[in-house]
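Trainee: Would you mind keeping the following structure in view while I ask a few things?
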Amino acid sequence: MQNNAALEYDYTIAKMFVFSTILFGIVGMVIGTLIAAQLAFPELNYLLGEYGTFSRLRPLHTNGVIFGFTLSGIWATWYYVGQRVLKVSMAESPFLMAIGKLHFWLYMLVMVLAVVTLLMGITASKEYAQLEWPLDLLVVVVWVLWGLSIFGLIGIRREKTLYISMWYYIATFLGIAMLYLFNNMAIPTQLVTGYGSWLHSVSMYAGTNDALVQWWYGHNAVAFGFTVPIIAMIYYFLPKESGQAVYSYKLSLLSFWGLMFVYLWAGGHHLIYSTVPDWMQSMGSVFSVVLILPSWGSAINMLLTMKGEWNQLTENPLIKFMVLASTFYMLSTLEGPIQSIKSVNAIAHFTDWIPGHVHDGVLGWVVFMIMAAIFHMAPRLFNKELYSKSLVEKQFWLQTTGIVLYFSSMWIAGITQGMMWRAVDEYGNLAYSFIDTVTVLHPYYTIRAVGGLLYLIGFFMFAYNIYKTFASGKEVDGSTLQNKTPMSA
Amino acid sequence: MNDIYEYQGYAYFFFTVFLTLILYGYIIHLYRSEKKGIRDYEKYGKMALDDEITDKPIEEKSEQKKSVDDTDEKPKEQ
């Protein structure tokens with residue numbers, strides 16, 4: 001723990017996770033685009049036998065983008081931001097460095113096993129919690145390793161106060177730990193009964209209780225996977241890239257506690273008009289609407305951080321990515337509460353408006369923010385200029401077009417679907433059969449697949465840009481790395 | 001059964017008032033601490049900007065673990 005003149009931040013682990021972010025982003029988004037196309041053109045289900053069907057690939061898509069791409073992005077930024085805001089280098093602790101490497105490689109092992117088991121159809125059949133119990137146990141070890149890294153680095157920090165991003169990273173760690181443990185409580189059937197496959201398990205909860213725990217988990221996986229850590233990122237990267245301190249630090253604290261108190265109660269909105277007690281459904285609705293306040297608190301704080309500096313929006317494409325990300329955060333955190341209102345939910349539930357909502361959140365907010373973070377980090381990780389500014393600009397517009405096509409087609413499809421399912425004739429008989437809706441929705445499914453394809457092409461441009469930065473970017477002088485990311489035209 | 005609905009009503013009212021007070025209490029606490037000079041929250045925003053390992057911490061963790069700059073004669077680059 002000696003201070004010396006050569007002491008620098010050590011980004012070894014951050015680089016590893018940047019690599020896995022890009023890898024899993026490609027895998028998850030290729031599969032996502034394929035299954036979107038399968039919905040429009042069902043013949044595409046039969047390309048690879050049982051391994052190419054929608055039912056096999058859909059969990060691979062969700063797990064790939066959530067636990068592959070997003071988690072890697074969270075960890076890439078953690079191993080970068082954590083050191084910087086705590087003003088301590090990983091190089092100062094061989095122990096934490098070893099933990100970090102173990103964290104990465106064990107995580108990669110879990111991901112490989114996840115891909116193999118899901119492709120084989122081995123699943124616990126709970127949404128976003130499909131992995132079977134042996135893998136769940138490994139996930140817990142990975143998570144504990146991350147916890148050691150967080151609290152270990154905090155233990156040796158120089159900066160006394162934890163920056164707001166740190167609060168959000170810690171909340172991600174604690175939130176997911178609690179959710180994951182409770183939702184994945186399961187009985188391995190063979191160990192208890194002596195029958196069946198050793199991989200198989202049965203949930204510890206039954207019926208409605210299972211649904212409640214599942215959606216308490218499912219919704220909060222969105223909270224602590226897609227919201228909290230992404231806010232951690234934007235609170236660091238937007239101020240850093242723009243050179244503007246966060247507009248109101250007090251507002252960031254207030255929004256943090258607001259989000260923590262409110263989010264955990266909102267999951268009931270996934271079970272409106274189900275067998276769950278009515279008061280729980282109402283509570284889910286009410287807390288979802290209240291959730292607008294802390295969500296917008298953070299988003300507005302970010303937009304106000306740019307106050308007086310809006311010229312940067314035209315000059316710096318990274319600012320463009322982050323401002324659009326916080327705008328999409330505002331859009332999806334308004335849209336979600338609207339969908340949670342019981343009367344709206346009566347139309348929206350089970351329709352394509354729901355994946356539409358999820359995707360304007362993840363494509364516009366989560367992925368944009370993670371890509372912006374990697375664009376910002378890459379020159380600092382490799383001491384190279386970002387390979388091409390014009391490629392970043394082109395990617396931005398291509399992907400923005402993709403998102404608009406995705407969510408607008410799903411809005412129309414979802415509301416059309418909801419209205420058709422509810423339509424009755426003068427005798428109270430349903431006016432349409434299911435296949436009628438499928439026929440009507442076909443053009444929108446095609447538009448969605450095209451939107452997804454544009455987004456995917458944009459992601460390949462991103463991956464290429466980062467690869468070229470690393471492989472052949474121009475060497476950069478350390479003094480130019482303070483705020484705006486240096487990039488070649 | 002009616003009793004339960006009545007209790008629910010009171011509980012709902014109580015919690016609404018209670019949580020609103022907590023929320024506003026926290027806001028008042030933040031502003032009052034700043035006004036009395038106990039803590040300047042806004043200076044923490046600088047942590048994201050001045051984050052080189054050679055930058056002086058906004059608040060030093062302890063005397064034992066000085067910032068790199070304090071023990072290092074090398075001038076800062078930026």
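For every residue, the table says whether it meets (1) buried (at least 23 other Cβ atoms within 10 Å of the Cβ); (2) in contact with a Gly (Cβ under 7 Å, 6 or more places away or on another chain); (3) free of Cβ contacts under 8 Å to residues at least 12 places away in the same chain.
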| position | (1), (2), (3) |
| --- | --- |
| A:ASN311 | no, no, yes |
| A:SER326 | yes, no, no |
| A:HIS349 | no, no, no |
| A:TRP353 | yes, yes, no |
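Trainee: Checking A:TRP105 against (1) farther than 30 Å from A:LEU441 by Cα; (2) crowded, with 23+ Cβ neighbours inside 10 Å; (3) not acidic (Asp, Glu), only one condition comes out false. Which one?
Mentor: Result: A:TRP105 fails condition (2) only.
Here is a yes/no grid of residues against (1) exposed (fewer than 10 other Cβ atoms within 10 Å of the Cβ); (2) more than 7 Å from chain A (Cβ to nearest Cβ); (3) under 19 Å from the mean Cα position of the chain (by Cα); (4) modelled with pLDDT of 85 or more:
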{"site": "B:TYR26", "(1), (2), (3), (4)": "no, no, yes, yes"}
{"site": "B:TYR31", "(1), (2), (3), (4)": "no, yes, yes, yes"}
{"site": "B:ASP40", "(1), (2), (3), (4)": "no, yes, yes, yes"}
{"site": "B:ASP50", "(1), (2), (3), (4)": "no, yes, yes, yes"}
{"site": "B:THR54", "(1), (2), (3), (4)": "no, yes, no, yes"}
{"site": "B:GLU60", "(1), (2), (3), (4)": "no, no, yes, yes"}
{"site": "B:SER67", "(1), (2), (3), (4)": "no, no, no, no"}
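Trainee: Could you tell me which residue of the stretch A:446-489 is nearest to the other protein chains (Cβ to nearest Cβ), considering only residues that are of a type in the set (Lys, Arg) and surrounded by 16 or more Cβ atoms within 10 Å (Cβ to Cβ)? Break it down into steps so the answer makes sense when it comes.
Mentor: Pass one, the stretch A:446-489, residues of a type in the set (Lys, Arg): A:448, A:468, A:474, A:484.
Checking the rest, the ones that are also surrounded by 16 or more Cβ atoms within 10 Å (Cβ to Cβ) come to A:448, A:468, A:484.
On the way: A:ARG448: 37, A:LYS468: 27, A:LYS484: 12 Å.
It comes out as A:LYS484.
Trainee: It is to be established whether one or more residues within the stretch A:166-173 are in contact (Cβ under 8 Å) with a residue 12 or more places away in the chain and surrounded by fewer than 17 Cβ atoms within 10 Å (Cβ to Cβ). Before the answer, list the steps.
Mentor: Narrowing the stretch A:166-173 to residues in contact (Cβ under 8 Å) with a residue 12 or more places away in the chain: A:166-173.
Next cut, surrounded by fewer than 17 Cβ atoms within 10 Å (Cβ to Cβ) only: none.
Within the stretch A:166-173 (the criterion being in contact (Cβ under 8 Å) with a residue 12 or more places away in the chain and surrounded by fewer than 17 Cβ atoms within 10 Å (Cβ to Cβ)), the answer is no, since none of the residues qualifies.
Per-residue answers, yes or no, for (1) more than 14 Å from chain B (Cβ to nearest Cβ); (2) among the hydroxyl-bearing types (Ser, Thr, Tyr); (3) part of a helix (DSSP H, G or I):
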position	(1), (2), (3)
A:PHE151	yes, no, yes
A:ARG157	no, no, no
A:ILE170	yes, no, yes
A:PHE173	yes, no, yes
A:LEU179	yes, no, yes
A:PHE182	yes, no, yes
A:THR208	yes, yes, yes
A:ASN220	yes, no, yes
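Trainee: Sticking with this structure for a sec: If only one of A:ALA378, A:ALA413, A:ALA373 is crowded, with 19+ Cβ neighbours inside 10 Å, farther than 27 Å from A:VAL276 by Cα and in contact with an Asp or Glu (Cβ under 7 Å, 6 or more places away or on another chain), which one is it?
Mentor: A:ALA413
Trainee: What are the residues in the stretch A:231-283 that are over 25 Å from the mean Cα position of the chain (by Cα) and among the charged types (D, E, K, R), if any?
Mentor: If the condition is that a residue be over 25 Å from the mean Cα position of the chain (by Cα) and among the charged types (D, E, K, R), then A:LYS250, A:ASP278 are the ones that fit.
Trainee: Also, I was wondering about something else. Taking the conditions exactly as written (touching a Leu at 6+ places or on another chain (Cβ under 6 Å) and β-branched (Val, Ile, Thr)), does A:ILE150 satisfy them or not?
Mentor: Numbers: touching a Leu at 6+ places or on another chain (Cβ under 6 Å): no; β-branched (Val, Ile, Thr): yes.
Judged against the criteria, A:ILE150 is not a match.
Trainee: Name the helices (runs of 4 or more DSSP H) wholly within the stretch A:315-377 that hold at least 3 residues that are among the hydrophobic types (A, V, I, L, M, F, W, C) and farther than 17 Å from A:SER285 by Cβ?
Mentor: So the answer is A:317-340.
Trainee: Based on this model, can you work out whether A:GLN214 counts as within 12 Å of chain B (Cβ to nearest Cβ), touching a Ser or Thr at 6+ places or on another chain (Cβ under 9 Å) and either part of a helix (DSSP H, G or I) or surrounded by 20 or more Cβ atoms within 10 Å (Cβ to Cβ) (or both)?
Mentor: no
Trainee: Would the stretch A:64-78 turn up any residue that is within 14 Å of chain B (Cβ to nearest Cβ), surrounded by 17 or more Cβ atoms within 10 Å (Cβ to Cβ) and either modelled with pLDDT under 95 or part of a helix (DSSP H, G or I) (or both)?
Mentor: Within the stretch A:64-78, the first condition is being within 14 Å of chain B (Cβ to nearest Cβ), and the residues that meet it are A:77.
The next check asks that each one be surrounded by 17 or more Cβ atoms within 10 Å (Cβ to Cβ); those that pass are A:77.
Keeping just the survivors that are either modelled with pLDDT under 95 or part of a helix (DSSP H, G or I) (or both) gives A:77.
Looking through the stretch A:64-78, at least one residue is within 14 Å of chain B (Cβ to nearest Cβ), surrounded by 17 or more Cβ atoms within 10 Å (Cβ to Cβ) and either modelled with pLDDT under 95 or part of a helix (DSSP H, G or I) (or both).
Trainee: Something else: Among the residues of the stretch A:446-489, which ones are among the polar types (S, T, N, Q), at pLDDT 90 or above and either under 24 Å from the mean Cα position of the chain (by Cα) or not in a helix (DSSP H, G or I) (or both)?
Mentor: Here is the first cut: in the stretch A:446-489, the ones among the polar types (S, T, N, Q) are A:446, A:465, A:469, A:472, A:479-480, A:482-483, A:485, A:488.
Subset that is at pLDDT 90 or above: A:446, A:465, A:469.
Within the stretch A:446-489, A:ASN465 is the sole residue that qualifies.
Trainee: Right, something else. Only one of (1) among the hydrophobic types (A, V, I, L, M, F, W, C); (2) crowded, with 20+ Cβ neighbours inside 10 Å; (3) within 14 Å of another protein chain (Cβ to nearest Cβ) fails for A:ALA266. Which number is that?
Mentor: That leaves (3) as the condition not met.
Trainee: For A:ILE231, which of the numbered conditions (1) buried (at least 20 other Cβ atoms within 10 Å of the Cβ); (2) within 14 Å of chain B (Cβ to nearest Cβ); (3) out of contact with any helix residue (DSSP H, G or I) (no Cβ under 7 Å at 6 or more places or on another chain); (4) of a type in the set (A, V, I, L, M, F, W, C) fails to hold?
Mentor: (3)
Trainee: Select from the stretch A:113-138 the residues that are over 15 Å from A:ARG56 (Cβ atoms), in contact with a helix residue (DSSP H, G or I) (Cβ under 6 Å, 6 or more places away or on another chain) and assigned to a helix (DSSP H, G or I) and list them in ascending order.
Mentor: Of everything in the stretch A:113-138, those that are over 15 Å from A:ARG56 (Cβ atoms), in contact with a helix residue (DSSP H, G or I) (Cβ under 6 Å, 6 or more places away or on another chain) and assigned to a helix (DSSP H, G or I) turn out to be A:LEU113, A:LEU135, A:LEU138.
Trainee: Also, quick follow-up: Could you check A:LEU191 against (1) buried (at least 17 other Cβ atoms within 10 Å of the Cβ); (2) away from chain B (no Cβ under 14 Å) and say which number it fails?
Mentor: In the conditions (1) buried (at least 17 other Cβ atoms within 10 Å of the Cβ); (2) away from chain B (no Cβ under 14 Å), A:LEU191 misses (1) alone.
Trainee: What are the residues in the stretch A:194-209 that are of a type in the set (Phe, Trp, Tyr) and either surrounded by 11 or more Cβ atoms within 10 Å (Cβ to Cβ) or in contact with a strand residue (DSSP E or B) (Cβ under 9 Å, 6 or more places away or on another chain) (or both), if any?
Mentor: Scanning the stretch A:194-209 gives A:TRP198, A:TYR205.
Trainee: Counting only residues that are within 7 Å of another protein chain (Cβ to nearest Cβ) and either of a type in the set (Asp, Glu) or not in a loop (DSSP other than H, G, I, E, B) (or both), which one in the stretch A:236-263 is surrounded by the most Cβ atoms within 10 Å (Cβ to Cβ)?
Mentor: By that ranking, first place goes to A:TYR236.
Trainee: Go through the stretch A:413-442 and give me each residue that's without any contact (Cβ under 8 Å) to a residue 12 or more places away in the chain and either among the hydrophobic types (A, V, I, L, M, F, W, C) or in a helix (DSSP H, G or I) (or both).
Mentor: A:ALA423, A:VAL424, A:LEU430, A:ALA431, A:PHE434, A:ILE435, A:VAL438, A:THR439
The values are calculated or read from the model by the stated rules, or taken from the named source; none is laboratory data. Predicted model, so just to flag it, every value in this text is computed and none were measured. Note: ideal-geometry Cβ built from the backbone for every residue, glycine included; neighbour counts use all protein chains shown.
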